[in-house]
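Derivation of every value follows stated rules applied to the coordinates shown; laboratory data play no part. Predicted model, so just to flag it, every value in this text is computed and none were measured. Positions of Cβ are backbone-derived with ideal geometry, glycine not excepted, and every protein chain shown enters the neighbour counts.
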Amino acid sequence: MALEIKTKILKTFVDKTMMTKGQQLKEYIMRFEKEGLKINANSESKQARVMAWLKKEAFKTYEELGNVGINDLENVSKVLDRFGEDISLSKEGNLLTIKGQGKKVDIELVSENFLDTDTGEPSLEFVDTFAISATKLKELYKDVQMNKDATITFETAEKKVKVSNTGKYKFLTELDADTCKGGAKTTFGDPLIDATINLTGNLEISLANNYPVKIIEKVENESVITFIVAPRVEEE
């Protein structure tokens, strides 16, 4: 039993769901279910959570492989770089086998008992939701990163979102957001950037007051990836 997929699609999905730096995941369970590949994992610090779905339509051929426990995710991503345009995946016992163009690799899997399997989606209610491209969000992050240890604040007003940051270079950007009615304001630290810097598509951002943010990236006929990131709470 095997499935086939373009290497770039799977690697991109792994890199986005793995997150980066302080929120980078070292391990998770890949759940090859009826609808496609599902991921549900918290960062070690519990400051960021990813819930992701790589649709079965994204695969050339698809089989339900069941649950695949992967650790050393960073090197698994590098392994995918060692292959050409297309790969196949199959699972037998505690091995995941990847094949492509005359090459194969066997990856030892980890028992699910040793991995965090918290899969319940938190119940959250938001004040405002607006659309933004990943490219524009990364521009905002670059403003923040002109400073060291700065925070970034999102504040909604009627049909607008104001984005500002602390630090020596205090940027303020106003975004048009027809869907916003106003009244949400939350501040975030590095975990927000570390969790979502690899996103590339069109995004939906949902906000409330001093509350986690939800960011959803949808790639048509390919994937839906959701991040929930905790706000920065100032110590009194």
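Before moving on, here are some points about what is shown:
- Among the residues making up the range 3-19, those that are buried (at least 18 other Cβ atoms within 10 Å of the Cβ) and either in a strand (DSSP E or B) or without any contact (Cβ under 8 Å) to a residue 12 or more places away in the chain (or both) are 3, 5.
- Looking across the range 105-153, just one residue is among the aromatic types (Phe, Trp, Tyr), surrounded by 12 or more Cβ atoms within 10 Å (Cβ to Cβ) and in a helix (DSSP H, G or I), and that is 141.
- Check on residue 32, in contact with a strand residue (DSSP E or B) (Cβ under 7 Å, 6 or more places away or on another chain), under 21 Å from residue 223 (Cα atoms) and buried (at least 18 other Cβ atoms within 10 Å of the Cβ): yes
- Candidates are the residues of the range 48-98 that are of a type in the set (Gly, Ala, Ser) and part of a loop (DSSP other than H, G, I, E, B); the one that is surrounded by the most Cβ atoms within 10 Å (Cβ to Cβ) is 84.
- Taking each residue of the range 141-154 that is more than 14 Å from residue 229 (Cα to Cα) and looking for partners that are assigned to a helix (DSSP H, G or I) and hydrophobic (A, V, I, L, M, F, W, C) with beta-carbon atoms closer than 6 Å, six or more apart or interchain, yields 141/193; 150/144.
- Pairs meeting the criteria (first residue in the range 76-104 and under 19 Å from residue 62 (Cα atoms) and in contact (Cβ under 8 Å) with a residue 12 or more places away in the chain, second residue among the charged types (D, E, K, R) and in a helix (DSSP H, G or I), beta carbons under 7 Å, at least 6 apart or on different chains) are 80/11.
- Check on residue 190, over 17 Å from residue 131 (Cα atoms), in contact (Cβ under 8 Å) with a residue 12 or more places away in the chain and crowded, with 18+ Cβ neighbours inside 10 Å: yes
- In the range 154-163, the qualifying residues are those that are closer than 17 Å to residue 211 by Cα and of a type outside the set (A, V, I, L, M, F, W, C), and the one that is surrounded by the fewest Cβ atoms within 10 Å (Cβ to Cβ) is 162.
- Every residue from the range 20-29 that is crowded, with 22+ Cβ neighbours inside 10 Å and under 19 Å from residue 120 (Cβ atoms): 25, 28
- Number of the condition not met by residue 198 [criteria: (1) out of contact with any strand residue (DSSP E or B) (no Cβ under 8 Å at 6 or more places or on another chain); (2) in a loop (DSSP other than H, G, I, E, B); (3) without any contact (Cβ under 8 Å) to a residue 40 or more places away in the chain]: (3)
- Among the residues listed as 108, 112, the single one being more than 18 Å from residue 226 (Cα to Cα) and free of Cβ contacts under 8 Å to residues at least 60 places away in the same chain: 108
- Test: residue 140 is in contact with a strand residue (DSSP E or B) (Cβ under 8 Å, 6 or more places away or on another chain) and within 24 Å of residue 53 (Cα to Cα): no
- The listed residue being within 20 Å of residue 210 (Cβ to Cβ) and of a type in the set (Lys, Arg), out of 148, 185, 170: 185
- Within the range 189-223, tally of residues that are closer than 14 Å to residue 43 by Cβ and in contact with a Pro (Cβ under 8 Å, 6 or more places away or on another chain): 1
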